[in-house]
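Worksheet for the structure shown next.
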Amino acid sequence: MEKHSCRTCRNLEKERKEVMEGRLKGRYRYGCSGQGSGFVCGFLAGDEDLETLSCGLWHGQSEKKAEKEGQKLEKELGESLQGLFDRWNEWYVRGCPEGKETDGVYLNRLRLAIKGLVERIEEALEESRFPESYYSPLPPEIAKDYMADTDSLVKGAERALYQYRNSPDYLWLESYINGQKGKSKETEKAAVFFEHGKVLEEAISRNQYLLMKQEIRQEGILAELAKYRRAVLQKEQKAARRNKSGQKGKKDMSGQFTLFEEKAS
């Protein structure tokens, strides 16, 4: 337990120091936020004298530490709660960045998080210290199939489909497949790239907003399509080199047979 003295009092302000003159010359006193005079209740010959001074306005350093920790917790909880409210409002208007579930599902999860944090604030803080965000109304529960900003989703899906089907790699793919006769491993692998366009087109026609949101993220499939194109072209180049090498070998062998026939005759 802390000893009650000016040395352990949180009201002590050592940054304010008054040096005495006259009969008290050589002595000084520190500031005090608790005393009406603004200074501690005695004069010091050295800082060790703080141990001997005390008054009824004493507040321990541990109380000051607890106060700071309480203020820190109040700030953290308030900022976290406000952040959840801000995120809910943004996702309700613009939609959640994630696309595994509908926006309604994500919004209701946020609602539960807000409710849980409100309860934690009630348990951890005194009512007088509740943050301002605590008094914001709890967001309503949203229909599970709710999707935000559907007009932008449709426009984005239409734009993505156009860009996909007019990309250099896709145009090459159409030309390549049209030139193939029968089925092969390459044509079977190509089916997934055509399927993506069909799925996105169908999602637009049926107003399947979640599916649109999932399919317009085309970076992965575009990268795979470019990789597929490189693999096919490399395979064709190797085959062409083998054919060219084979043709050269036949020509050389033909020359050898003619020379042999001339010698034999």
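Write down the Å³ per residue value for the convex hull defined by the alpha carbon atoms of the chain. Let's see the in-between values first.
Working: hull volume 92.3 nm³, N = 265.
Cα-based convex hull of the chain, divided per residue, equals 348 Å³.
Counting only protein heavy atoms and using a 1.4 Å probe, what share of the accessible area of the chain belongs to carbon plus sulfur, as a whole percent?
Details: 9010 of 18120 Å².
C and S atoms contribute 50 percent here.
Of the Cα atoms belonging to region 95-176, the radius of gyration and Dmax stand at 21.6, 73 Å.
The heavy atoms of Thr8 offer some 10 square angstrom of accessible surface to a 1.4 angstrom probe. Could you work out [θ]222 nm for the chain from helices alone, using -39500 (n - 2.57) per DSSP H run of at least four and dividing by all its residues? Round to the nearest 500 deg cm²/dmol. Mean residue ellipticity at 222 nm (helix-derived): -20500 deg cm²/dmol. In degrees, nearest 10, range 0 to 90: what is the angle between the Cα axis of helix 168-178 and the longest Cα principal axis of the chain? Once rounded, the angle reads 30 degrees. Count neighbours as other Cβ atoms within 10 Å of each site's Cβ, and list the GluC sites (Glu not before Pro) in region 72-132 that are DSSP loop with at most 16 such neighbours. Counting only loop positions with at most 16 other Cβ atoms within 10 Å, the GluC sites (Glu not before Pro) in region 72-132 are Glu98, Glu101, Glu126. The angle between the Cα long axis of helix 103-124 and the longest principal axis of the Cα atoms of the chain comes to about 20 degrees, rounded to the nearest 10.
Once the 1.4 Å probe is applied to the protein heavy atoms, the chain comes out at 68 Å² accessible per residue. Free of any trypsin sites (Lys or Arg not before Pro) that DSSP assigns to a loop and that have at most 12 other C-beta atoms within 10 Å, the longest stretch within the chain is 26-99. The label-point distance for Lys68 and Glu141, in a model that sets each label 7 Å from Cα toward Cβ, rounds to 4.5 nm. If the chain linking Thr187 and Phe43 were pulled fully straight, counting 0.36 nm for each residue of separation and taking away their Cα-Cα distance, it would gain 42.3 nm.
Sequence gap at least 6, Cα distance under 8 Å: using those rules, report the relative contact order of region 1-113 to the nearest whole percent. Kindly include the intermediate steps, with their values, before the conclusion.
On the way: 117 pairs, mean separation 24.9, N = 113.
22 percent.
Could you give the alpha-carbon Rg of region 70-135 over 2.2 N^0.38 Å, rounded to two decimals?
Details: Rg = 13.3 Å, N = 66, 2.2 N^0.38 = 10.8 Å.
Against the compact-globule rule of thumb, the ratio is 1.23.
Between the helical axis of 185-205 and the longest alpha-carbon principal axis of the chain there is an angle of about 50 degrees. Could you grab the relative contact order for the chain? Cα pairs under 8 Å, six or more apart, rounded to a whole percent. The normalised contact order for the chain reaches 13 percent. Give the shape of region 142-240 as rounded, prolate or oblate, defined through the alpha-carbon gyration tensor: a ≥ b ≥ c are the square roots of its eigenvalues, a/c under 1.5 means rounded, and otherwise the shape is prolate if a/b is larger than b/c and oblate if not. It is prolate, given that a/c is not under 1.5 and a/b is the larger ratio.
The values are calculated or read from the model by the stated rules, or taken from the named source; none is laboratory data. Model, not experiment: these values are computed from the prediction. No Cβ is skipped: glycine too gets one built from the backbone with ideal geometry, and neighbour counts run over all protein chains shown. Only protein heavy atoms, including side chains, enter the accessible area calculation; ligands, DNA and RNA are left aside. Shrake-Rupley method; radii C 1.70, N 1.55, O 1.52, S 1.80 Å.
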